[in-house]
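S.K.: I'd like to ask some things about the structure below.
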Amino acid sequence: MSEFTEQQVRTDVRSWLEANWDPNLGLVEWRNKLVDSGWGAPHWPKDLYGMDLPVGLVPVVDEEFESFGAIGVAKIGIRVFAAATILAHGTELHKEKFLRRILTGEDTWCQLFSEPGSGSDLAGAMTRAERKGNKWIVNGQKVWTTSAHKAEYGLLLARTDIDVPKHQGLTYFILDMKQPGVEVVPLRQMNGYASFNQVFITDAEIAPEYMIEGEGEGWKVATTTLMHERRTADGLRKYSKPSDRPERIYKEEAAEIAVALEPYKWYPQRAGRVDLIMQRATETGRINDPVVRQEIAKLLILDRAAEWTARRARAAQAQGRTQGPEGSLGKLASSYIARASNQVHTLITGSDAMLTGEDSPMDGMIAEILVSTPAISIAGGTDEIQKNIISERVLNMPKEPRSDTDRPFRDVPKNIVS
């Protein structure tokens, strides 16, 4: 492509689709063809299945695919963060082995960061990786791990040195989740779902070539993963919706979406379901209450402001700026919106908001919102963590005094025995 103009991109995408789109192909077969063309991830480098297209023109490609009825590459789940991390920090081996299968959807990934004894202190991770001979041996426990029961690979942050300050002793690995020594146990949540898992790791093995960056550089890599995660914290508001067309590729995509979104089906509820507020206020008659109307207005203003902030972040990305701490602004805004929406739903529905079952408001949906919204203030880094990031890295305020970052990790007080 000689020039990157919107019209030229539209013309080239449509010409390629007209020549190649076939809904009777299998999903993976089609995606392999798409990956080879560069249109599956056009903003990626040309030598890595892309076209070096400016990020700002990617929505143009997406629009053409949608209007044509064509299916794109796999974009749901932790695989998105895995791809971004590998692109930024991975070796040629990592890129060759994993990126194509991420785009085709053949591999599912999970994120092995959080631990029972560390809470929001990711740098306090205690899962150990020790070099023995020509491999790393891993022992420890991870928690709140989405889709670990289906994942082929995990993004693992493990401690490789306890004799240096905690941020310096972490290393980032790619873990084979299907090997012996990796046990996945589901966690039941108070809203009734079991979207997350505990992962118990006992003498699991990792070959040296599956380390990302160098030994002790895991914090740098993890920061990249988290920045992408936080920037997309509210991305599941817009779900992928399967087509009801009868051709093979649509049926296979529908099956993929059902499996991929199963852990996330309550995520709209944890975000507060602002989209249901006006409907509920109208059908209950509470829209006529001036106090209720005032609280609804406050919520909708907050929600719209957060959307504008998200648009600014997308505009920055379109200009080629790297992922930065501004993602924490969006993450924190999502928490505030969820809590405000929770309160407005309760104001509208009253004590009936606590009821579940068929006779409850919206078949229990309102109650599910109330017990799900606390999660958004925890997942992906607590509100307190986001405030620290914003104060230190956005507002350039001095860091809070710490007593655990300038001494060997072995000497730092811990919640559990190391």
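S.K.: Which pairs do you get when a residue that is closer than 16 Å to P42 by Cα and in the same structural domain as G154 (by TED's automatic domain parsing), found in the stretch 85-102, comes within reach of a residue that is in a helix (DSSP H, G or I) and among the small types (G, A, S), reach meaning Cβ atoms under 6 angstrom, with the pair 6+ apart or on two chains?
M.R.: I102/A83
S.K.: Continuing with the same structure: Being in contact with a helix residue (DSSP H, G or I) (Cβ under 7 Å, 6 or more places away or on another chain), more than 16 Å from W219 (Cα to Cα) and either charged (D, E, K, R) or surrounded by 17 or more Cβ atoms within 10 Å (Cβ to Cβ) (or both), is that true of even one residue in the stretch 111-132? I'd like the intermediate steps shown before the answer.
M.R.: Initially, the stretch 111-132 is screened for residues in contact with a helix residue (DSSP H, G or I) (Cβ under 7 Å, 6 or more places away or on another chain), giving 111, 113, 118, 120, 122-124.
Next cut, more than 16 Å from W219 (Cα to Cα) only: none.
Checking the stretch 111-132: not a single residue is in contact with a helix residue (DSSP H, G or I) (Cβ under 7 Å, 6 or more places away or on another chain), more than 16 Å from W219 (Cα to Cα) and either charged (D, E, K, R) or surrounded by 17 or more Cβ atoms within 10 Å (Cβ to Cβ) (or both).
S.K.: Starting from the stretch 250-275, take each residue that is under 30 Å from L347 (Cα atoms) and part of a loop (DSSP other than H, G, I, E, B) and list its partners that are modelled with pLDDT of 85 or more and among the β-branched types (V, I, T), counting only C-beta distances under 6 angstrom and pairs at least six apart or across chains.
M.R.: If the second residue must be modelled with pLDDT of 85 or more and among the β-branched types (V, I, T), the pairs left are G272/I337; G272/T373; R273/I369.
S.K.: I'd like to verify a number: residues in the stretch 169-200 that are more than 15 Å from Y153 (Cα to Cα), assigned to a loop (DSSP other than H, G, I, E, B), out of contact with any helix residue (DSSP H, G or I) (no Cβ under 7 Å at 6 or more places or on another chain) and not aromatic (F, W, Y), how many?
M.R.: Residues meeting the conditions: 4.
S.K.: Exactly one of these conditions fails for R101: (1) buried (at least 17 other Cβ atoms within 10 Å of the Cβ); (2) more than 19 Å from K150 (Cβ to Cβ). Give me its number.
M.R.: Only one criterion in (1) buried (at least 17 other Cβ atoms within 10 Å of the Cβ); (2) more than 19 Å from K150 (Cβ to Cβ) is unmet by R101, namely (2).
S.K.: On the basis of being surrounded by 15 or more Cβ atoms within 10 Å (Cβ to Cβ), touching a helix residue (DSSP H, G or I) at 6+ places or on another chain (Cβ under 7 Å), outside the structural domain of V58 (by TED's automatic domain parsing) and modelled with pLDDT of 95 or more, does L329 make the cut? Give the derivation first.
M.R.: Numbers: surrounded by 15 or more Cβ atoms within 10 Å (Cβ to Cβ): yes; touching a helix residue (DSSP H, G or I) at 6+ places or on another chain (Cβ under 7 Å): yes; outside the structural domain of V58 (by TED's automatic domain parsing): yes; modelled with pLDDT of 95 or more: no.
No: the conditions fail for L329.
S.K.: Hey, does the stretch 381-392 have a residue that's without any contact (Cβ under 8 Å) to a residue 60 or more places away in the chain, polar (S, T, N, Q) and touching a helix residue (DSSP H, G or I) at 6+ places or on another chain (Cβ under 8 Å)? Spell out how you get there, then give the answer.
M.R.: The first filter runs over the stretch 381-392 and keeps only residues without any contact (Cβ under 8 Å) to a residue 60 or more places away in the chain, leaving 383, 387-388, 391-392.
Now narrow it down to the ones that are polar (S, T, N, Q): 388, 391.
In the following step, the residues that additionally are touching a helix residue (DSSP H, G or I) at 6+ places or on another chain (Cβ under 8 Å) were identified as none.
No, the stretch 381-392 has no match at all.
S.K.: In addition: Could you please find all residues in the stretch 333-353 being in contact (Cβ under 8 Å) with a residue 24 or more places away in the chain and more than 29 Å from the chain's Cα centre (by Cα)?
M.R.: If we filter the stretch 333-353 for residues that are in contact (Cβ under 8 Å) with a residue 24 or more places away in the chain, which is where we start, we get 333-349.
Listed by number, the residues that qualify are L347, I348, T349.
S.K.: Moving on to the next point. Across the stretch 33-42, what is the total count of residues that are surrounded by fewer than 18 Cβ atoms within 10 Å (Cβ to Cβ) and out of contact with any Phe, Trp or Tyr (no Cβ under 7 Å at 6 or more places or on another chain)? Walk me through how you get there before you give the answer.
M.R.: At the first step, the residues of the stretch 33-42 found to be surrounded by fewer than 18 Cβ atoms within 10 Å (Cβ to Cβ) are 33, 36-37.
Now restrict to residues that are out of contact with any Phe, Trp or Tyr (no Cβ under 7 Å at 6 or more places or on another chain): 33, 36.
Total meeting the criteria: 2.
S.K.: Can you go through G117, G50 and tell me which one is without any contact (Cβ under 8 Å) to a residue 60 or more places away in the chain and in a loop (DSSP other than H, G, I, E, B)? Steps first, please.
M.R.: Values: G117 fails: without any contact (Cβ under 8 Å) to a residue 60 or more places away in the chain.
When all the criteria are applied, what remains is G50.
S.K.: Give me the pairs: first residue in the stretch 397-413 and of a type in the set (K, R), second residue modelled with pLDDT of 80 or more and part of a loop (DSSP other than H, G, I, E, B), beta-carbon distance under 7 Å, and six or more apart or on different chains, which are they?
M.R.: R407/P165; R410/I162; R410/D163
The values are calculated or read from the model by the stated rules, or taken from the named source; none is laboratory data. Nothing here was measured: the structure is a model prediction, and the numbers come from that model. Positions of Cβ are generated from backbone atoms using ideal geometry, with glycine treated the same way; all protein chains shown enter the neighbour counts.
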